[in-house]
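So the structure is just underneath, and the comments pick up after that.
The values are calculated or read from the model by the stated rules, or taken from the named source; none is laboratory data. Since the model is a prediction, treat every value here as computed from it, not as a measurement. Every residue, glycine among them, receives a Cβ derived from its backbone with ideal geometry; neighbour counts consider all protein chains shown.
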Amino acid sequence: MKAIRGATTVDNDTPEEIRRAVGGLLSEIMAKNNLSYGEIICIMLSNTQDIKSLYPAKAARECGFAHCALYSSLEPDIDNSLKLCIRVMILAEIDKAPTHVYLGKAECLRKDITKIINIALDGPAGSGKSTVSKLVAEKLGILYLDTGAMYRAIALKCVRENADYCDKDAVKHILNGLDLTIDYRDGKQITMLDGADVGESIRTPQVSLLASYVSAYSFVRNKMVELQRQIAAKFSCILDGRDIGTNVLPGCEFKFFLTASPEVRAKRRYEELCAKGSAQPYEDVLKEINERDFQDKNRAVAPLKQASDAILIDTSALTAEQVAAVIVENVQRKI
Ligand code: DC
């Protein structure tokens, strides 16, 4: 069962306006959540004290929501709060994450929902970006865009086609025929290459290193950055990568840069790989981290670099939960 929240406002306290506002809000919630009447268990409404001409619950019944339990309550009169406002909480028998709906002047109540927010999270390999991004996305109810997965997908295509990553034209050829899409299922990113989910195959050490090489080509970056910007413009999301704050979304309001010593990062990667059953020695993982750091920092186009307005977080002695809490707190303070 999930709770779906929403609110709206009316300009005048008349039964017609209240009916229109309640009907509009409930229909929008149904549409946004792909909800059927049978899935609704109850609808609880509340209104500010300046609404007197019709119970919002009665308006809901008159709008066709007669099959479930309906309830109205009066909100306390709070100084300087939004006037002529109707709020709703629907309990529904659904599994997927709910989409809350704020309409009219009530949009200002939840800027985190009604406005698109983007969070740029950059840092070197193994600094904890992906774990932290997933936690932040979950806590804020936004999507996580793993931009590294896009570069990894190109690298995987090079491996599959036996293309030489040092041959610019060969990589260009791969890019021109690239069938790469980013989908979301239940809030999780699905990286699709040639119509198949490559979420697992792009995580091998070979692909990791190759991704670092192919991502240095400006023609590769231009195409990926365009796709990243399109997704960021459409959805509230946290994007992790190397150049999000400096190049992909330089105007982004929320920027963070994670660091940790190469040894700490290598240890994390090593433990991750061990858990997956890999026998790669720690020394090799450290060597690979150092190699990728060098590549990512020294490439000519959009190198790994902290944006001047990004908040620096050293994650060496912090858990992913602690880092996520710092980011969430910073974001919530500003919205
Ligand atoms: O974050 P990751 O390890 O999945 O990234 C794989 C490679 O892709 C990494 O070595 C650098 C590159 N990359 C990039 O250049 N820019 C990004 N925004 C994300 C990743």
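Scanning region 1-44 for residues that are over 18 Å from P98 (Cα atoms) and charged (D, E, K, R) yields a count of 6.
Among the residues of region 244-268, those identified as of a type in the set (S, T, N, Q) and in contact with a Ser or Thr (Cβ under 8 Å, 6 or more places away or on another chain) are T259, S261. Total residues in region 190-208 satisfying the condition of being assigned to a strand (DSSP E or B) and surrounded by fewer than 19 Cβ atoms within 10 Å (Cβ to Cβ): the figure is 4. Just one of the numbered conditions (1) more than 10 Å from the ligand (Cβ to nearest atom); (2) among the basic types (K, R); (3) modelled with pLDDT under 95 is not true of R269: (1). Among the residues of region 153-181, those identified as assigned to a helix (DSSP H, G or I), under 14 Å from A216 (Cβ atoms), of a type outside the set (V, I, T) and within 15 Å of the ligand (Cβ to nearest atom) are A155, C158, L175. Scanning region 59-86 for residues that are among the hydroxyl-bearing types (S, T, Y) and not in a loop (DSSP other than H, G, I, E, B) turns up Y71, S72, S73. Within region 279-296, the set of residues being modelled with pLDDT under 90 and touching a Pro at 6+ places or on another chain (Cβ under 8 Å) comprises Q280, R292, D296. L54: part of a loop (DSSP other than H, G, I, E, B), surrounded by 17 or more Cβ atoms within 10 Å (Cβ to Cβ) and in contact with a helix residue (DSSP H, G or I) (Cβ under 7 Å, 6 or more places away or on another chain), yes or no? Yes; evaluated as a whole, the condition is true for this residue.
Among the residues of region 154-161, are any in contact (Cβ under 8 Å) with a residue 40 or more places away in the chain and among the acidic types (D, E)? Scanning region 154-161, I find no residue that is in contact (Cβ under 8 Å) with a residue 40 or more places away in the chain and among the acidic types (D, E), so the answer is no.
Residues in region 230-249 that are surrounded by fewer than 17 Cβ atoms within 10 Å (Cβ to Cβ) and either in a helix (DSSP H, G or I) or touching a helix residue (DSSP H, G or I) at 6+ places or on another chain (Cβ under 9 Å) (or both): Q230, A233, K234. Does at least one position in region 65-82 carry a residue that is under 25 Å from K115 (Cα atoms) and in contact with a strand residue (DSSP E or B) (Cβ under 8 Å, 6 or more places away or on another chain)? Yes, because at least one residue in region 65-82 is under 25 Å from K115 (Cα atoms) and in contact with a strand residue (DSSP E or B) (Cβ under 8 Å, 6 or more places away or on another chain). All of (1) among the aromatic types (F, W, Y); (2) more than 16 Å from the ligand (Cβ to nearest atom); (3) within 13 Å of the chain's Cα centre (by Cα) hold for Y144 with one exception: (2).
Can you find a residue that is more than 16 Å from the ligand (Cβ to nearest atom), of a type in the set (D, E), in a helix (DSSP H, G or I) and touching a helix residue (DSSP H, G or I) at 6+ places or on another chain (Cβ under 7 Å) anywhere in region 90-105? Within region 90-105 (the criterion being more than 16 Å from the ligand (Cβ to nearest atom), of a type in the set (D, E), in a helix (DSSP H, G or I) and touching a helix residue (DSSP H, G or I) at 6+ places or on another chain (Cβ under 7 Å)), the answer is no, since none of the residues qualifies.
Across region 235-286, the number of residues qualifying as hydrophobic (A, V, I, L, M, F, W, C) and more than 19 Å from the chain's Cα centre (by Cα) comes to 9. Would you mind stating whether A325 is assigned to a loop (DSSP other than H, G, I, E, B) and not hydroxyl-bearing (S, T, Y)? Spelling it out, it is not the case that A325 is assigned to a loop (DSSP other than H, G, I, E, B) and not hydroxyl-bearing (S, T, Y).
Among the residues of region 92-122, the one identified as farther than 27 Å from N33 by Cα and either of a type in the set (D, E, K, R) or at pLDDT below 95 (or both) is D122. Taking Y184 as the residue in question, decide whether it is within 16 Å of the ligand (Cβ to nearest atom), among the aromatic types (F, W, Y), under 13 Å from the mean Cα position of the chain (by Cα) and in a strand (DSSP E or B). Considered against the rule, which asks whether it is within 16 Å of the ligand (Cβ to nearest atom), among the aromatic types (F, W, Y), under 13 Å from the mean Cα position of the chain (by Cα) and in a strand (DSSP E or B), Y184 comes out as no. Of all residues in region 294-329, those satisfying the criterion of being away from the ligand (no atom under 15 Å from the Cβ) and of a type in the set (S, T, Y) are S308, S316, T319. Each residue in region 250-266 was checked for being part of a loop (DSSP other than H, G, I, E, B), surrounded by fewer than 18 Cβ atoms within 10 Å (Cβ to Cβ) and within 15 Å of the ligand (Cβ to nearest atom), and 1 of them qualify.
The condition (being within 16 Å of the ligand (Cβ to nearest atom), assigned to a loop (DSSP other than H, G, I, E, B) and in contact (Cβ under 8 Å) with a residue 60 or more places away in the chain) is satisfied by just one residue among A211, A120, A125: A125.
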